[in-house]
Amino acid sequence: MSTPSLTLRDFTASLSDGTQVNLGQFHGRVVLIVNTATNCGLAQQFVRLQQLYDRYRDAGFTILAFPCNQFGEQEPGDNSEILEICRDKLNLTFPIMEKVDVNGEQSAPVFEWLRQETGGILGDAIKWNFTKFLVNRSGQVVRRFAPTTQPDLIVADIERLLAASSYGS
């Protein structure tokens, strides 16, 4: 008998205000998990991410942004400062999680899992801000996207997963 695979619902994380969230609450939704940094040159992707969220959230899609300061120290603020930028300056409405490490000994468990699920020949380390992970309605990682992949290029994958009418319980 094989060991059941982990899914997104096996993890918890904290919102930027410190509220613990069981990621199982997103079971049945298509989820895009992104490690973000507000001072990164790729931060222009926030606008496109918000557009994706606005377009598909009522169809069962969400985005979880996990701020990270591991790449070029481009997210130096604390959680409240990051949230202020994301809400007040960038007008983001999708969940902004607590700042985490995505690589190394202190990496958030959900990112350890995401990396393991999408590792390749060159290893599983996340190379930069705005690496994206697409998770299906059953909580399984289906694809990893490079930091430079623009959110618009993920639309077909999101639509395909949203169109899937059934998922495991």
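The values are calculated or read from the model by the stated rules, or taken from the named source; none is laboratory data. Only a predicted model underlies this, so the values are computations on that prediction, with no experimental measurement involved. Note that we place each Cβ from the backbone using ideal geometry, even for glycine, and neighbour counts take in every protein chain shown. To get the accessible areas, we keep the full protein, side chains included, count just its heavy atoms, and leave off ligands, DNA and RNA. Shrake-Rupley method; radii C 1.70, N 1.55, O 1.52, S 1.80 Å.
Data table
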item	result
Residue that is least open to solvent (accessible area, probe 1.4 Å), among those in segment 67-104 that are under 20 Å from ALA125 (Cβ atoms), charged (D, E, K, R) and part of a loop (DSSP other than H, G, I, E, B)	GLU75
Residues of segment 13-32 that turn out to be outside any loop (DSSP other than H, G, I, E, B), within 20 Å of ILE82 (Cα to Cα) and of a type in the set (Val, Ile, Thr), as a count	1
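Conditions tested, residue by residue: (1) open to solvent by less than 80 Å² (accessible area, probe 1.4 Å); (2) modelled with pLDDT of 95 or more; (3) closer than 16 Å to LEU134 by Cβ.
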position: THR12; (1), (2), (3): no, yes, no
position: GLY18; (1), (2), (3): yes, no, no
position: GLY24; (1), (2), (3): yes, no, no
position: VAL30; (1), (2), (3): yes, yes, yes
position: THR38; (1), (2), (3): yes, yes, no
position: ALA43; (1), (2), (3): yes, yes, no
position: GLN50; (1), (2), (3): yes, yes, no
position: ASP54; (1), (2), (3): yes, yes, no
